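Taking it in order: structure first as structure tokens, then the write-up.
The values are calculated or read from the model by the stated rules, or taken from the named source; none is laboratory data. Owing to the predicted nature of the structure, the values given are computational and were not obtained by experimental measurement. All Cβ positions, glycine included, derive from the backbone under ideal geometry; neighbour counts span all protein chains shown. Surface accessibility is based on the protein's heavy atoms, side chains included, excluding ligands, DNA and RNA. Shrake-Rupley method; radii C 1.70, N 1.55, O 1.52, S 1.80 Å.
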Amino acid sequence: MSTTAVGKPMDRVDGRLKVTGAARYAAEHDYPNLAHAVLVTSTISKGTIAEVVTAAAVKARGVAAVVTHKNAPKMKVPEPFGGEKPSAGSTTAPVLNTDQVFWFGQPVAIVIAETLEQARHAAQLVRVTYQEQPANLTLDSAGKVTTPKKIMTEATTVEIGHAERALKAATLKVDAVYETPQFNHNAIELHATVAAWDGGKLTVHDTAQFVFGVQADLATRFGLKPADVRALAPLVGGGFGGKGVAWPSTYLAPLAAKVVGRPVKLVLARDQIYGCVGGRPPIRQRVAVAADKDGKLTALIQAGRSATGTTNQFVEQFTFPARHLYACPNIYLTQETIALDTCPPTFMRAPGECPGTFALESALDELSYQLKIDPVRLRQINEPDKDPTTGAPFSNRKYQEALALGAEKFGWNRRTPEPRSMADGRMLVGLGMATATYPVYRMPGSARVAVSADGTAVVQSGCHEMGMGTATAQTQIAADLLGLPVEKVRFELGDTNLPFAMVAGGSSQTISVAAAVSAAVAELKGVVLKLATAGPLEGLKPAAVAVRDGGLYRTDDPASGESFASILQRAGRKSAEAKAEVMPGAEMQKWSMHSYGAQFCEVRVDPDFGTVRVVRFVGAFDVGRVMNAKTARSQFLGGITMGLGMALLEETHRDGRTGRIVNADLAEYMVPVHADVPAIEAYWVGDPDPHTPMGAHGIGEIGITGVAAAVANAVYHATGRRVRRVPITPERLLAAPRDG
Amino acid sequence: MTPFDYVRADGPDAAVKQVVARPTAAFLGGGTGLIDLMKLYAERHDLLVDVSRLPMDKVEATEKGVRIGANVRNSDLAYHAAIRTRFPVLSEALLSGASPQLRNMATVGGNLMQRTRCPYFRDGHSACNKRVPKSGCAALDGVNRGHAVLGTSDHCIATHPSDLCVALAILDATVRTTGPKGERTIPFADFHRLPGDTPDRETALDHGELITAVDLPALPWATRSHYLKVRDRASYEFALTSAAVALEIADGVIKQARIALGGVGTKPWRAAEAEKALVGKKPTPEAFAAAGDAALAGAVPRQHNAFKIPLAKRTVARALAAAAAMPG
């Protein structure tokens, strides 16, 4: 394969559609006789529904139906996500089929009306009373504490050597507790589902990162064959993990449609997304690190507690980065969960690696001051020659190259080591850095490739575009695999009528789909070869030809061959197609496969007000071969921006008395605005990983990892104040004790 | 939102009559606050009388002062030459608020009527004496990081969110109205009420009384005035603390001072004692710090907002220092 298109900063294939408003998102789908549904949600965190008074709502103008647990058709609760079969189960709560309330914001009624306004108004008229029970809402509450049997496929606890003993023996060490609050995703596109029944068949346009999961979920709930459910999500307006599984709105829209016998549109209000879509759970972690005087780590401990729900068992894998980053003879890593009466948490961009690197990389920074060793140098000293906990060889670790690249681009050498040593007038200036990391995950994938007699190709896989540029990158990949110009290739996605794809999650989609497309192209070779009953390819076996330049060419005589179009035209065929399903290989067991990066940050801090402004940010990444330089850069910029929000602004505030989230809107839950985001620079090493499809790694999540630590470390360098809980608000910074 | 009627007023008198006739009617200006609150069920009105097209949209600058029509948009006022040169504090306050899009819609009259960001008021559901009299105050022992430390009561600690009003508070502004009892003027200091035990009554206006203009008297030394806003986010965010200040300095001595605070008060907070403390003093960091202390003398913190007290003191001191450094 010649990489003509791959790697180029190609414009998005759907860019024009998006910026002109022509792109159709889930909530923009319409049907004749469509009705609008609005949810009524619980105003307690735990208890039972005593009474739902719907009389006024039922009588309100335009109302078609009010559905409560008293009259809702029964649905079967599917298996939660992560089991043996594909599932998008978000929670085991039998929402609307129970009088039990499991969290504040749980849907307790649906109002369906002719217009959205009528439905909203009538929803306000529904009166619900409860028998309330005490709820567990914080990490320190009486919720059930569990040590998970496994975290994903890995052991919960990793113990190498004697970490506590080594820590005790050390004189140069840090032993501190770091906290991250609940965060919520806040994709600009609200969660929305348009559901239409046609007899026993169901079509949903959903804001989904996993259409096949939605299909499976709805088939189970409504007792249908999966083939009778079609889920579509060709364009999603941001997901970040919040649309990875089917939250209640996804199945309540079809439920409402079933009740009223009409197509139904259900769009959550922003506060309802906080209420009935999980966020990133609050986490408290202890990190202890010790080193000898030369900076070599002698002990590494990371242990802590993350919240989960009472109706799912989500575990945020915050100890995962420490398993692979640094050489250390004594490592102890473990984590536990506490079950809270809150909307159960879910994946949010780099679950685990994001909060995990905040704690680990903050602690390493603290250690660097004890050692009086430059933070970059400390990370050079502790470079492992094999995976520190599994012992596996690295597939293609280029962390040191990324570290050096970032340090050079950032100008790290201008940093003076002492805290508070780089003031600019009144303002304190600080430079900080942290390591970024994210695993290489690959999932099952399948694809169909069709070439036509007119010289074009269509490539299909039921994967997802949420803004990352999926169709663009896959078009480039398919174009190179087929040897066609990108203009001749169209990529179709986001539909369960297309070949199966997994969730757009774990930064796995690009290589999982690319592997399937590659296999489908290989299959296609045989299909087309059979049609070449005359000409230079006549009678050849597939092994004797290669796909190149939009056709098939003899491997023993590269000048001899024929284009797909020519073969098809002669055979009198309009097109030929092939499909392939690919499972991930054993590479992840054989190799330690991760992406790495180094995040560099410069802050200016007002010492009187405690306000922190990030004025410069550089991220340098080792992510294998980059498929599209433009969309890749956007992914890194987006991840880093989201990390800046985590570091300085974002926090879901919950009223401890009721469980109500009090800042459930974009004015009060602060995400960075343009004025908060400096010019961000993103660089990459670009060395292809020999053990991944296309030599690529996924890049959607690594950008956020390490950012919060880089900011916190820069803030410490500026002020001499260590803040171990994000966001670093003025009051937290001014209250932190000052060194130096 | 609750279903409502909408009418476009032909003139101020007609608008007043239309609102007076319906107990839950309201005037609609730029709509940047009211419509949100209606969607949240924090406000319910059965009639909106749109006054945004009434000809009250002029800024008239004379030697005696400036008359600002109630319908003047925030962005137009902020960039008006007379405001920028004669009252820089007002221009700065306006431009520190909201976003360009919102400033293009929001009106001066509406800004005077801006309501609190208290989440328990806005959620349309929690106990809130402001929204439902005698229902209690969920903010007192709730999440109250954003709440007021000055002018609070046992019934309400909601912060007045306006930036513009903090600047108006130091400029001897007068609010001109027309209402069921005819026209009148209200000194700005009397326009907003303290919550006391009736936090639902936020202003001196009667039902159906319409703001027509805001008058600013000539204040030659207001050329040395400044608005400073401290907030979590660099833009598009309400103040944690803010200060509007003006100084008259002659022969190296402060002759007159004006100080008002935002983000910390239940109304735009004029700090008269702090002003008095500066008169006759040299413009030094010590004097400005003392003024900051005096301005927050009566502050009462709750669980999450105690940090605002030292922050507000520093905000006042920094704003005064910046004003002192301006050309007089």
**Message:** Over chain A, with the other protein chains present, what is the accessible area per residue in square angstrom, probe 1.4 angstrom?
**Reply:** 36
**Request:** Please work out whether chain A counts as rounded, prolate or oblate from its C-alpha gyration tensor, where a ≥ b ≥ c are the square roots of the eigenvalues and a/c under 1.5 means rounded, while otherwise a/b larger than b/c means prolate and anything else oblate?
**Result:** oblate
**Request:** Mind checking which of A:T129, A:L96, A:G82 is farthest towards the positive end of segment A:77-204's charge dipole, using Cβ charges of +1 (Lys, Arg) and -1 (Asp, Glu) about the Cα centre?
**Result:** A:G82
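Note the full-extension length gain between A:I160 and A:I188 as 0.36 nm times their separation in residues minus their Cα-Cα distance, in nm to one decimal. Intermediate values should be presented prior to the final figure.
Numbers: separation 28, 0.36 × 28 = 10.08 nm, distance 4.40 nm.
So the chain would gain 5.7 nm between A:I160 and A:I188.
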**Asked** What is the distance in Å between the Cα centres of segment A:414-473 and segment A:510-583?
**Response** 32
**Prompt:** Using r as the Cβ-Cβ distance of B:D10 and B:R193, and R0 as 22 Å, what FRET efficiency do you calculate, to the nearest 0.05?
**Reply:** 0.10
**Complete:** Under the rule rounded for a/c under 1.5, else prolate if a/b exceeds b/c, else oblate, using alpha carbon gyration tensor axes a ≥ b ≥ c, segment B:5-52 is classed as oblate
**Fill in**
Residues meeting the amide H criterion for B:D232 (H placed from the backbone, H to H distance under 5 Å, 5 or more places apart or on another chain) are B:L240
**Fill in**
Interface call, segment A:111-160: threshold 10 Å², probe 1.4 Å, accessible heavy-atom surface of protein chains, chain by itself vs complex, result A:R120, A:H121, A:Q124
**Request:** Can you pull out the buried accessible area for chains A and B, both sides counted, probe 1.4 Å, rounded to the nearest 100 Å²?
**Result:** 2700
**Asked** With all protein chains present and a 1.4 Å probe, how do B:Y41, A:Y332 order by accessible area, largest first?
**Response** A:Y332, B:Y41
**Prompt:** Dividing the alpha-carbon radius of gyration of segment A:547-605 by 2.2 N^0.38 Å (N being the number of residues), what value is obtained?
**Reply:** 2.24
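In segment A:133-240, which trypsin sites (Lys or Arg not before Pro) are in a loop and have at most 10 other Cβ atoms within 10 Å, using DSSP for the loop call? It would help to have the intermediate numbers written out before the result.
Values: sites: A:K144, A:K149, A:K150, A:R165, A:K168, A:K173, A:K201, A:R221, A:R230; in loops: A:K144, A:K149.
Within segment A:133-240, the qualifying trypsin sites (Lys or Arg not before Pro) (loop, at most 10 other Cβ atoms within 10 Å) are A:K149.
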**Request:** Take peptide B:223-234, look around each residue's Cβ out to 10 angstrom, count Cβ atoms belonging to other protein chains, and average those counts.
**Result:** 4
**Asked** Around A:K201, with a cut-off of 13 angstrom between Cβ atoms, what is the net charge of the other residues, counting Lys and Arg +1 and Asp and Glu -1?
**Response** +1
**Message:** Counting only other residues whose beta carbon sits under 11 Å from that of B:A98, what net charge do I get with K and R as +1, D and E as -1?
**Reply:** -1
**Message:** Which residue, A:A578, B:F307, A:P536, has the largest displacement toward the positive end of the dipole of the protein assembly as shown when charges sit on each Cβ (Lys, Arg +1; Asp, Glu -1)?
**Reply:** B:F307
**Request:** State the Cα centre-to-centre distance between segment A:694-740 and segment A:323-354 in whole Å.
**Result:** 18
**Message:** Starting from the 7 Å offset along Cα-to-Cβ, what nm value, one decimal, do you get for the label separation of B:T185 and B:D251?
**Reply:** 3.3
**Item:** Cα-centre dipole for the protein assembly as shown with unit charges at Cβ (Lys and Arg positive, Asp and Glu negative), debye to 20
**Value:** 640
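Using a 1.4 angstrom probe on heavy atoms only, work out the carbon and sulfur share of the accessible area of segment A:185-304 in %.
The nonpolar share, carbon plus sulfur, comes to 56 percent.
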**Asked** Rounded to the nearest 500 deg cm²/dmol, what is the calculated helix-only ellipticity per residue at 222 nm for chain A, with -39500 (n - 2.57) per DSSP H run of length n ≥ 4?
**Response** -7500 deg cm²/dmol
**Fill in**
With all protein chains present, segment A:663-740 has a carbon and sulfur share of its accessible area (1.4 Å probe) in percent of 54
**chain B, Rg to Rh (Cα coordinates; Rh as Kirkwood inverse mean 1/r)** = 0.96
**Complete:** Along the dipole axis of chain B (charges at Cβ: +1 for Lys and Arg, -1 for Asp and Glu; origin at the Cα centre), the most positive-end residue among B:H45, B:A98, B:G196 is B:A98
**Item:** Sum of side-chain charges, A:V545 neighbourhood, beta-carbon under 14 Å (Lys, Arg +1; Asp, Glu -1)
**Value:** -1
**Prompt:** Roughly to the nearest percent, how much of the accessible area of chain B is carbon and sulfur, given a 1.4 Å probe?
**Reply:** 54
**Request:** Under 1.5 on a/c is rounded, so check that first for segment A:140-234, then, if it is not, pick prolate when a/b is larger than b/c and oblate when it is not; a ≥ b ≥ c are the square roots of the alpha carbon gyration tensor eigenvalues.
**Result:** prolate
**Message:** If I histogram all Cα-Cα distances within segment B:225-323 using bins 10 Å wide from 0, what percent of pairs lands in each bin?
**Reply:** 17, 52, 25, 6, 0
